[in-house]
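Reviewing the structure listed below.
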Amino acid sequence: MDNSYTSLAEAITNLQLEGFTADFNLCDAGVENKHKKEVHSADELNVVKYYRFEGMSNPDDNTVLYVIETNSGEKGLLMDAYGAYSGNVSKELMDKLKMSR
């Protein structure tokens with residue numbers, strides 16, 4: 001796993017080759033594996049690493065890519081806009097996804 005990538009597409013491609021193939025989405029109860037329709041709560045997740053990507057011309061293009069492993073061994077990626085998870089997500093999950101500055 002590289003320390004940095006020049007683009008979001010490059011990061012996703014390389015991380016998928018490293019086995020992070022699950023496609024995770026935020027949901028009220030935690031993080032959902034879209035394909036398996038399984039939801040993992042914050043205490044079942046380990047954020048291995050995250051990458052920030054900033055849009056060149058539009059601040060709305062700012063994205064965070066989280067590299068996640070679950071307690072059950074699933075490895076995948078969660079893509080989110082900066083701060084978008086602050087609405088309908090539990091405090092525990094927000095704490096898990098909090099980025100160090």
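The values are calculated or read from the model by the stated rules, or taken from the named source; none is laboratory data. What you see is a predicted model, and the numbers here were worked out from it, not measured in a lab. Cβ sites come from the backbone with ideal geometry, for glycine too, and all protein chains shown count toward neighbours. Side chains are part of the model used for accessible areas, which takes the heavy atoms of the whole protein and leaves out ligands, DNA and RNA. Shrake-Rupley method; radii C 1.70, N 1.55, O 1.52, S 1.80 Å.
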Exercise for the section: State, to one decimal in nm, how far the label point of residue 62 lies from the label point of residue 38, with both points 7 Å from Cα in the Cβ direction. Expected result: 3.4 nm
Completion exercise
Quick calc: nm separation of the 7 Å Cα→Cβ label points for residue 94 and residue 4 -> 3.0 nm
Practice task
Give the accessible area for residue 37 in Å² (nearest 10); use a 1.4 Å probe, count only protein heavy atoms, and leave out ligands, DNA and RNA.
Solution key: 150 Å²
